[in-house]
Amino acid sequence: MKQHIPNVLTLLNLLCGSIAVILVMDNNFIAASLFVFLGVFFDFFDGFAARKLNVQSELGLQLDSLADMVTSGVVPGIVMYKLLSLTVNTSKEGGDWSSTTDWLDFNLPMLPLLGLFITLASAYRLANFNIDTEQQSFFKGLPTPANTLLIVSLPLIMEFQNNDFINAVILNKWFLIGITLLSCYLLNSNIKLFALKFKDWDFKTNATRYIFIILCIVLLIVLQFVAIPLIILLYIIMSLIDNLTSK
């Protein structure tokens, strides 16, 4: 019975991701973000449960990637598609082929499709992760859940912190294009990033992890959703410092 517990958690991740897709398509970013957060929670604890129960399996590995492909691949791609859609004129009047293509009376904005590159980059990363034997104690490139939190945080920042300057920056198409391209690069880069996997609770061996968690809590309390992009940046910087000091 216990061997099924991690897989149930993984399927809950997939369920949350599927619901989030529906909500994003309905422009309900807040509820979608809630299900994304739940999905990431289940994604963390399915691996934790598998290790603690000693029931790790090839089935669980493949199922985990399939679930992540939805929650941390499809969802952020659609969120970016929706954000980029807000920056272009998607009406049929006055549109031209460079911005909109009318296929059988289907109005398809071209620029927002760039957001789906995040989905493609996520798929490539997940497939590569499954065949990479090195990534046991660290990640090579930004994990898909972290990247998803980065993308999903953008509409949350606009909704809850509602700052005219920040909103103008986020809804600038060049900013969104830059974030999309940066996201695709980080997902598949060779940068070594520490994993939040605790083999024991000793502070000395887990100092980087403990410091990172404490700083995350402080940033979230002080800056709320604006803290999420800063946390991703902090994660990369601390990983680079950790790599240098370990050498």
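The values are calculated or read from the model by the stated rules, or taken from the named source; none is laboratory data. Everything numeric here is computed off the predicted structure, so don't read it as measured data. We place every Cβ from the backbone using ideal geometry, glycine too, and count neighbours over all the protein chains shown. Heads up: the accessible areas ignore ligands, DNA and RNA and are worked out on the full protein's heavy atoms, side chains in. Shrake-Rupley method; radii C 1.70, N 1.55, O 1.52, S 1.80 Å.
Filter region 175-210 for residues that are under 20 Å from the mean Cα position of the chain (by Cα) and aromatic (Phe, Trp, Tyr); which is modelled with the lowest pLDDT? Among them, the one singled out is Phe194.
Selection of region 156-180 for residues being in contact (Cβ under 8 Å) with a residue 12 or more places away in the chain, surrounded by 14 or more Cβ atoms within 10 Å (Cβ to Cβ) and not hydroxyl-bearing (Ser, Thr, Tyr) yields Leu156, Ile157, Met158, Ile166, Ile170, Leu171, Lys173, Leu176, Ile177, Ile179.
Is it the case that region 119-136 has a residue that's open to solvent by less than 50 Å² (accessible area, probe 1.4 Å), at pLDDT below 90 and in contact with a Ser or Thr (Cβ under 7 Å, 6 or more places away or on another chain)? Checked region 119-136: at least one residue is open to solvent by less than 50 Å² (accessible area, probe 1.4 Å), at pLDDT below 90 and in contact with a Ser or Thr (Cβ under 7 Å, 6 or more places away or on another chain).
Residue-wise test of (1) over 25 Å from Phe139 (Cβ atoms); (2) in a loop (DSSP other than H, G, I, E, B); (3) of a type in the set (Phe, Trp, Tyr).
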position: Trp174; (1), (2), (3): yes, no, yes
position: Thr180; (1), (2), (3): no, no, no
position: Asn190; (1), (2), (3): no, yes, no
position: Arg209; (1), (2), (3): no, no, no
position: Leu219; (1), (2), (3): no, no, no
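Remark: Leu142 matches the filter, which requires a residue to be open to solvent by less than 40 Å² (accessible area, probe 1.4 Å), under 19 Å from Gly178 (Cβ atoms) and either outside any strand (DSSP E or B) or modelled with pLDDT under 85 (or both). The residue list Lys82, Lys92 contains one member that is among the basic types (Lys, Arg), modelled with pLDDT of 75 or more and either closer than 22 Å to Lys173 by Cα or within 13 Å of the chain's Cα centre (by Cα) (or both), which is Lys82.
Got a sec? Which of Thr205, Thr180 is in contact with a helix residue (DSSP H, G or I) (Cβ under 6 Å, 6 or more places away or on another chain) and among the polar types (S, T, N, Q)? None of the other options fit; the residue is Thr180.
Restricting attention to region 186-238, and to residues there that are of a type in the set (S, T, N, Q) and over 20 Å from Ile170 (Cβ atoms), which single residue is surrounded by the most Cβ atoms within 10 Å (Cβ to Cβ)? Per the stated criteria, the residue is Asn206. Region 1-85 holds helices (runs of 4 or more DSSP H) entirely within its bounds, and those carrying 3 or more residues that are within 20 Å of Asn188 (Cα to Cα) and open to solvent by less than 70 Å² (accessible area, probe 1.4 Å) map to 58-69, 75-85.
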